[in-house]
Amino acid sequence: MANRFILNETAYHGFGAINSIVPEIKTRGFKNILVASDASLVKFGVTQKVTSLLDEAGIKYELFTDIKPNPTIENVLAGVEAAKKIHADAIIAIGGGSSMDTAKAVGIIMTNPQHADVRSLEGAVADTKPCLPILAVPTTAGTAAEVTINYVITDVQNKRKFVCVDPHDIPVVAFVDPDMMSSMPKSLTAFTGMDALTHAIEGYITRGAWELSDMFHIKAIEIISHNLRGAVNNEAKGREQMALGQYVAGMGFSNVGLGIDHAMAHTLSAYYNVPHGKACAMLLPIAMEFNAEYTGTKYRDIAIAMGVEGVEKMSQEEYRAAAINAVKKLSEDVGIPHVCEEIQEADLDNLASDALKDACYPGNPREATHDQVRELFSKLLKK
């Protein structure tokens, strides 16, 4: 069977990457642009780093800011109306996963009105046309939404998040500029960075992994594990390397899938609005311990990539433990909590049921029962 791989048409990396946005707009002939960015980024002047370039070049745009963390169906519908109002022919998404995911859903619905209910976009959709062209400017170093074919929307009414997988939603151009990420506070840098590490590790051990995706994931694990601490301390090199590392991880997992960590994290966010990166980070060691016996020699590679010494002399049990402990140490160093304050014991059965229905779960290397997933969630409870 052939393996498909989808990436951006074009991507710019490094400090100053956003300076290429005006030439790209002019080359592509976009005239009516919807800029999708959340209100906090506008408030703190991050969005203006891009819109000021548009203003100087005399490029017309409409700013849309009705986007919240873990974006909802309602956010998407509001974005569709905003895009229709200006007859948008392109979208510039400025932000983290929330802005990117909203832009993807809006872009798809604009060219595929049969999915205007939003819910019908769940899973792997096969009947769509390419979405409105999206120019993506990430402001967090974690989600890699600028290079993926996935997006996640929250169904508030039904208390769940659903994953949409569509090769027609990937941004045509990504501008991965570390300067756009420099205003992230320590906690957000840590959460999104551990989300990126989760992408790389889950992508490396997922059922769909193969040589090309493995190449991206093992390099991403190395870059992230060696630079996240520096990024959390707002060091320029750490920021730049994390911007690259999370993108490299996205190049891989977008094409092969994830696993139980993300399935459980989506569920935590749907129930309690826990930030996605925080949920992934808390669950990563737990998921790694659960999957360890079903990963062959891959934890050996992970331990080496994370800088563990003496791995070549370790037994399988030892190098698996070493990989997990390296993740735990990194989590501790960047301030990831061990418990989820929001989780309620009374919800454990429902959480487990919903996690097993998540689109990310089938990629997990190990099958899980309801009781096993319930037990994994219980590890986040206050003791």
Would you mind checking which residues have amide H under 5 Å from residue 90's amide H? H placed 1.01 Å from N; only 5 or more apart, or other chain. 32, 34
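Taking the Cα centre of region 59-170 as the origin, how large is its charge dipole in debye, to the nearest 20, when only Lys and Arg (+1) and Asp and Glu (-1) carry charge on their Cβ atoms? Don't skip to the end; give the middle numbers.
On the way: 10 positive and 13 negative charges, 28 e Å.
Computed charge dipole of region 59-170: roughly 140 debye.
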Quick query: amide H of residue 153 versus all other amide H atoms, modeled in the peptide plane; which residues come in under 5 Å with a sequence gap of 5 or more or a different chain? 162, 164
Could you please state, rounded to a whole Å, how far the C-alpha centre of region 211-253 is from the C-alpha centre of region 361-378? 27 Å
Could you go through region 329-345 in sequence order and give the Karplus-derived ³J(HN,Hα) for each residue, using 6.51 cos²θ - 1.76 cosθ + 1.60 with θ = phi - 60°, rounded to whole Hz, and x for Gly and Pro? 5, 4, 4, 4, 5, 9, x, 7, x, 8, 10, 9, 4, 7, 5, 10, 4
Indicate, rounded to the nearest 5 percent, the antiparallel portion of the DSSP beta bridges found entirely in the chain. 20 percent
Bridge orientation stat for region 10-181 from DSSP, antiparallel percent rounded to 5, came to 20 percent
Distance from a point 7 Å along Cα→Cβ of residue 211 to each backbone N in region 1-17: keep the residues under 13 Å and list them by number. 3
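Which whole-number percent is the relative contact order of region 10-181 (Cα, under 8 Å, 6+ apart)?
Averaging sequence separation for qualifying contacts and normalising by length gives 28 percent for region 10-181.
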Based only on the alpha carbon positions, what is the Kirkwood hydrodynamic radius of the chain, in angstrom? 20.7 Å
For all pairs of alpha-carbon atoms in region 10-181, what percent lies in each bin of width 10 Å, listed from the first bin to the last filled one? 11, 44, 35, 9, 0
Apply the Karplus parameterisation 6.51 cos²θ - 1.76 cosθ + 1.60, with θ equal to phi minus 60°, to every residue of region 286-295 and state each ³J(HN,Hα) to the nearest whole Hz, in sequence, with x for glycine and proline. 5, 5, 5, 5, 5, 8, 3, 6, 10, 10
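Rank by packing, highest mean first: peptides 6-16, 271-281, with packing defined as the count of other Cβ atoms within 10 Å averaged across residues.
On the way: 6-16: 15.0, 271-281: 23.3.
Taking the mean over residues of other Cβ atoms within 10 Å, the ranking is 271-281, 6-16.
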Under Karplus coefficients 6.51, -1.76 and 1.60, residue-wise ³J(HN,Hα) of region 244-251 in Hz, glycine/proline x: 6, x, 5, 5, 4, 4, x, 4
Farthest toward the dipole's positive end in region 1-93, which of 87, 29, 51, given Cβ charges of +1 (Lys, Arg) and -1 (Asp, Glu) about the Cα centre? 29
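Quick one: if you take sqrt(5λ) for each eigenvalue of the C-alpha gyration tensor of region 186-378, what semi-axes come out, biggest first, whole angstrom? List each step's numbers first, then the result.
On the way: eigenvalues 116, 78, 48 Å².
So the three semi-axes of region 186-378 are 24, 20, 16 Å.
Peptides 310-319, 93-102: what's the order by average Cβ count within 10 Å, highest mean first? All intermediate terms of the calculation are to be shown ahead of the outcome.
Numbers: 310-319: 13.2, 93-102: 29.2.
Result, highest mean Cβ count within 10 Å first: 93-102, 310-319.
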Most positive-pole-ward Cα, 302, 170, 275, against dipole of the chain from beta carbon charges: 170
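Output the peptides 160-166, 49-55 sorted from most to least packed, where packing is the average of other Cβ atoms within 10 Å over each peptide's residues. Could you put the intermediate results ahead of the total?
Values: 160-166: 21.7, 49-55: 16.6.
Top of the packing list down: 160-166, 49-55.
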Given the options 78, 270, 346, which has the most mean-square fluctuation in a GNM of the chain, springs set between C-alpha atoms less than 10 angstrom apart? 346
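Compute the signed sum of charges (Lys and Arg +1, Asp and Glu -1) over the other residues within less than 14 Å, Cβ to Cβ, of residue 306. Numbers along the way, then the final one.
Values: positive: 219, 229, 298, 300, 320, 328, 329; negative: 222, 301, 309, 332, 333.
Every neighbour counted, the sum reads +2.
Would you calculate, for the chain, the mean residue ellipticity at 222 nm contributed by helices, counting each DSSP H stretch of 4 or more residues as -39,500 (n - 2.57) and dividing by all residues, to the nearest 500?
Values: 14 runs with 188 residues, N = 383.
Only helices count here, giving -15500 deg cm²/dmol.
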Note down the magnitude of the dipole of the chain about its Cα centre, charges +1 on Lys and Arg C-beta and -1 on Asp and Glu C-beta and zero elsewhere, to the nearest 20 debye. 440 debye
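We did not get these values from a lab; they are worked out from the coordinates using the rules stated. Please read these numbers as outputs of a predicted model, since none were measured by experiment. With ideal geometry, Cβ positions are generated from the backbone for all residues, glycine too; neighbour counts draw on all protein chains shown.
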